[in-house]
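The values are calculated or read from the model by the stated rules, or taken from the named source; none is laboratory data. All figures in this text were calculated on a predicted structure; none of them were measured in a lab. Virtual Cβ from ideal backbone geometry, glycine too; neighbours counted across all protein chains shown. For accessibility, only protein heavy atoms count, side chains too; no ligands or nucleic acids. Shrake-Rupley method; radii C 1.70, N 1.55, O 1.52, S 1.80 Å.
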Amino acid sequence: MAPEDTARAGASVRAESGGGRAGGQERYAYRPLWIEEPARRRRLPDPVRTAAVRAVIIIAVTLLQAMVAFLCTMAGSWLAFPMVISSVVSTVVATWGALDVWVTRQVWNQRNGVVSAPSSTARALRQERRRARRQARVAARSQERIRRQRGGAGQLSHS
């Protein structure tokens, strides 16, 4: 909230309370510290978010290892060789982590549906299948109705 908005809010509260000071005190209305705004993007599904957090941690450790390996190499330390080897292995694991996020997201979208606009041919096929199912249901109902009428109790003829 801008400072002038705050001053306006305080002035309106003071005006409501009878103007200025009432008994030596000014009353101020409760104002929240922040106002929540709606999210711009939807939240990631839990499995995808878990994979993303895991990937970020792995990538951060990999970068740290690479930096330590570089510094050990510059210093001529005996630790340089093991750190370079572990950095290479860690790079492979970090790549796997990034791919894991991508695959998890694809699987989530495939299993739980992704909002998409189907092509006109797919829509037409779906409408055709729906129409055929509806007609089959209507035919089955009418057959059941006929069966009930013919096998009704005490009915001798169908007239």
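Go through the stretch 53-87 and give me each residue that's over 23 Å from Ala98 (Cα atoms) and in a helix (DSSP H, G or I). Please lay out each step first, then the result.
Residues of the stretch 53-87 over 23 Å from Ala98 (Cα atoms): 70-82.
Passing the criteria: Phe70, Leu71, Cys72, Thr73, Met74, Ala75, Ala80, Phe81, Pro82.
Contact annotation: residue pairs with Cβ atoms under 9 Å, 6 or more positions apart or on different chains, pairing a residue in the stretch 80-105 that is more than 10 Å from Ile58 (Cα to Cα) with a partner that is assigned to a helix (DSSP H, G or I) and among the charged types (D, E, K, R), are Asp100/Arg54; Val101/Arg54. Restricted to the stretch 115-151, and to residues there that are outside any helix (DSSP H, G or I) and surrounded by fewer than 10 Cβ atoms within 10 Å (Cβ to Cβ), the residue that is modelled with the highest pLDDT is Gly151. Checking Trp96, Trp108, Trp102 one by one, the residue that is assigned to a helix (DSSP H, G or I), at pLDDT 95 or above, open to solvent by 60 Å² or more (accessible area, probe 1.4 Å) and closer than 23 Å to Arg42 by Cβ is Trp102 and no other. Inspection of the stretch 41-51 identifies no residue that is open to solvent by 100 Å² or more (accessible area, probe 1.4 Å) and either over 22 Å from Val107 (Cα atoms) or modelled with pLDDT under 80 (or both).
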